[in-house]
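Just below is one structure, and these are the notes that go with it.
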Amino acid sequence: MEEYFHSVVLDKDRCNGCTNCMRRCPTEAIRVRDKKAIIIKERCIDCGECIRVCPYHAQQTQLDTLDKLKKYKYKIAISPMTMYGQFNLDKDMNKVFKGIKMLGFDEVFDEGYAADIITLIIRENLKNNQQPKPLISSLCPAVLRLIQIRFPSLIDNIIRIESPMELAARLARKNAMERYGLKSDEIGIFYITQCPAKVTSIKNPIGIKNSHVDGAISIKQIYGDIVKNSNTVEKIEAFRTASTYGIDWARAGGQSKSIGVDNYIAVDGIDNVIKVLEEIELGKLNNIEYFEGLACVGGCVGGPLCVENPFIAKSRIRRLAEKRNDEIKVSREYAIELYDSGFACWTEKIQSKGAMKLDENIVEAIKKIEEIKKLTSLLPGLDCGSCGAPSCRALAEDIVRGYSKIEDCIFKD
Amino acid sequence: MNEKNSIKLEYEILQNDFTRAGEASSNIKKILKQLGIEAKIVRKVAIATYEAEMNIVIHSYGGIIKVIITEQYIDIYAIDKGPGIKDIELAMKEGYSTAPNHIRELGFGAGMGLPNMKRCSDEFNIESTPNGKTEVYMRIYISK
Ligand code: SF4
Ligand code: SF4
């Protein structure tokens, strides 16, 4: 496991050096050097903004292909909550799941079912949670990484309960081992993903040592095949599907509604999340119970690897959830058992990451800040991006860090 | 203290300027994070400077916030001109506020400003002359 593994990578051949991604990146992780973008690994949170904005599709997610299925005897696909938003509401999800299975899987596990369980667990946890408020949802790994890098004082607010993907994988593996007598390494678990940050979490998880997911395939990669396959299904197989409570996790605010907290704030879009985290850091939201921060606009339905337009997908999820014609099928006792035994909880401490730090030694760092101040006053303050840094201030920082020279500014010679 | 090993920051704060309010504290916070100062300390300084900034915006005719960062401590001075504080002891009580209604409707002025600032700092001093200068001094130590 590399410490700085990231799923978001640049395809150099496609990159035109246009600076669109550099301007958009919320953590100033991108620079343009010799007409090519580069990502500063320590700062990237895998939010996928650069993927969305790149006109040449040079920013990509490192994914697996169906080929990797061959490595395993028993293959399980985890279908994400967002899958429900990718099809018209009259589409039978059993056909969709069958369509996924036909790609070469032995089993399809609905991530929303794990979200059902986590909904019950969080309801229980809230009754006597002693962490500082507001509690921060653990769903979005991009937001968690952002907190590690930019808001480390809020690490203690993050609720220490697994996200649905990881719980789904753990349950699926356990079931398959018990039911079929398989060994763990004979089982391959693949997450069908809308989200680069989740892909990163597979190789480089947060809160646990190792992920139970073995690979990731994007919705985009297989959408066409799912549609084709599902249209050929004649005999309906009944899959275990999530309740509308679990499905609702796919849109911003759905998670909080399912949990049933009243005093919550749900924020979507990474820039908005940053603004509200600033407020939380100032102690202005101590009276709020639950904070649901999601990097993508609309929530996971807005994940960059989805096919359907986020707003259409979101509206579908909303209509499903508002019907509320069902209940969570899992028993409360079972959920509590998974919680009490630690099966659904984090084991590791979340580390803060000093990616913004200028120097290990504070005296040196102080000198560097002074230099940055001086340099910034010499630069024109246009934030034009021509030097390959997102702002004049960022160029000044790069110069002090030793990555750039003042001559990189086209107004200086 | 060796003058070379310190950073001096100064921000002008305007009366009633809610569009820029919070800028100084978020700027200070960013610098402290770049210095690699511990999250807990950064948070204290952020809250202290934010409250000081809001006090100047709401209650004064304008003022400045001065921050001096050394390797051992952070000093914050919030200096303004305005009506001043008549009864400092009363103003230090939680929930006591003289903010007018239109400010409270914006969600500010809940009377937590000064007590919050005091709670965040290791050393705290306030001096105020009616219809004159108010100066708040706060020191926060950087634990090693
Ligand atoms: S994924 Fe997000 S954080 Fe990473 S380089 Fe792209 S825009 Fe920046
Ligand atoms: S909002 Fe959802 S899809 Fe987007 S980065 Fe976060 S977890 Fe991934």
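The values are calculated or read from the model by the stated rules, or taken from the named source; none is laboratory data. Computed from a prediction, not measured in an experiment: that's the story for all the values here. Using ideal geometry, Cβ is built from the backbone for each residue, glycine included, and neighbour counts are taken over all protein chains shown. Please note that ligands, DNA and RNA were not included when accessible areas were found on the heavy atoms of the full protein model with its side chains. Shrake-Rupley method; radii C 1.70, N 1.55, O 1.52, S 1.80 Å.
Points to keep in mind about this one:
- Qualifying residue in the stretch A:209-220 (condition: part of a helix (DSSP H, G or I) and either of a type outside the set (S, T, Y) or farther than 12 Å from A:I78 by Cβ (or both)): yes
- Residues that are within 16 Å of ligand 1 (Cβ to nearest atom) and open to solvent by 10 Å² or more (accessible area, probe 1.4 Å) number at least 3 in the following helices (runs of 4 or more DSSP H) confined to the stretch A:84-165: A:141-150.
- Flag if A:L126 is farther than 18 Å from A:E278 by Cα and within 16 Å of ligand 2 (Cβ to nearest atom): no
- Take the conditions (1) free of Cβ contacts under 8 Å to residues at least 12 places away in the same chain; (2) within 10 Å of ligand 1 (Cβ to nearest atom); A:C21 misses just one of them, which is (1).
- Among the residues of the stretch B:47-64, just one is facing chain A (nearest Cβ under 8 Å) and crowded, with 24+ Cβ neighbours inside 10 Å, namely B:Y50.
- Answer from A:G246, A:G269 - the residue that is modelled with pLDDT of 95 or more and at positive phi: A:G269
- You will find that of A:I147, A:I159, A:I117, the residue that is over 22 Å from A:S341 (Cβ atoms), of a type in the set (V, I, T) and modelled with pLDDT of 95 or more is A:I147 and no other.
- Residue in the stretch A:277-293 that is of a type in the set (V, I, T), within 16 Å of ligand 1 (Cβ to nearest atom), crowded, with 21+ Cβ neighbours inside 10 Å and closer than 27 Å to B:I41 by Cα present: no
- Close contacts from the stretch A:29-50, counting a first residue that is open to solvent by 20 Å² or more (accessible area, probe 1.4 Å) and a second that is basic (K, R) and more than 9 Å from ligand 1 (Cβ to nearest atom), with Cβ to Cβ under 8 Å and a gap of 6+ residues or different chains, come to A:K36/A:K12; A:I38/A:R31; A:I40/A:R31; A:E42/A:K353.
- Each residue in the stretch A:179-219 was checked for being small (G, A, S), away from ligand 2 (no atom under 15 Å from the Cβ) and open to solvent by 10 Å² or more (accessible area, probe 1.4 Å), and 2 pass.
- Any hit, the stretch A:278-287, residues being touching a Phe, Trp or Tyr at 6+ places or on another chain (Cβ under 7 Å) and assigned to a helix (DSSP H, G or I): yes
- Filtered by the rule that a residue be more than 16 Å from ligand 2 (Cβ to nearest atom) and either of a type in the set (A, V, I, L, M, F, W, C) or in a strand (DSSP E or B) (or both), the stretch A:166-178 gives A:L171, A:A172, A:A176, A:M177.
- Residues that are part of a helix (DSSP H, G or I) and out of contact with any helix residue (DSSP H, G or I) (no Cβ under 7 Å at 6 or more places or on another chain) within the stretch A:246-273 comprise A:S256, A:D271, A:N272, listed in sequence order.
- Test set (1) outside the structural domain of A:R240 (by the TED database); (2) farther than 30 Å from A:N175 by Cα; (3) modelled with pLDDT under 95 - A:E322 fails condition number: (1)
- The stretch B:1-40, residues that are more than 8 Å from every other protein chain (Cβ to nearest Cβ) and either open to solvent by less than 10 Å² (accessible area, probe 1.4 Å) or in contact with a strand residue (DSSP E or B) (Cβ under 6 Å, 6 or more places away or on another chain) (or both): B:K8, B:L9, B:E10, B:Y11, B:E12, B:I13, B:A24, B:I28, B:L32
- Checklist (1) touching a residue at least 60 places away in the same chain (Cβ under 8 Å); (2) away from ligand 2 (no atom under 16 Å from the Cβ); (3) open to solvent by less than 40 Å² (accessible area, probe 1.4 Å); (4) outside the structural domain of A:M165 (by the TED database) applied to A:Y74, failing item: (4)
- Selection status of A:I206, within 16 Å of ligand 1 (Cβ to nearest atom), β-branched (V, I, T), outside any helix (DSSP H, G or I) and away from every other protein chain (no Cβ under 14 Å): yes
- Count of the stretch A:68-83 residues which are aromatic (F, W, Y) and either outside any strand (DSSP E or B) or at pLDDT below 95 (or both): 1
- Single residue of the stretch B:70-103 satisfying the filter (in contact with a helix residue (DSSP H, G or I) (Cβ under 7 Å, 6 or more places away or on another chain) and within 14 Å of chain A (Cβ to nearest Cβ)) that is farthest from B:E123 (Cα to Cα): B:E94
- Take the conditions (1) among the hydrophobic types (A, V, I, L, M, F, W, C); (2) farther than 24 Å from A:R318 by Cβ; (3) within 16 Å of ligand 2 (Cβ to nearest atom); A:V108 misses just one of them, which is (3).
- Whichever residue in the stretch A:51-66 is of a type in the set (S, T, N, Q) and open to solvent by 30 Å² or more (accessible area, probe 1.4 Å) and, among such residues, is farthest from ligand 2 (Cβ to nearest atom): A:T65
- Here A:Y290 meets each of (1) away from chain B (no Cβ under 14 Å); (2) within 14 Å of ligand 2 (Cβ to nearest atom) with one exception, condition (2).
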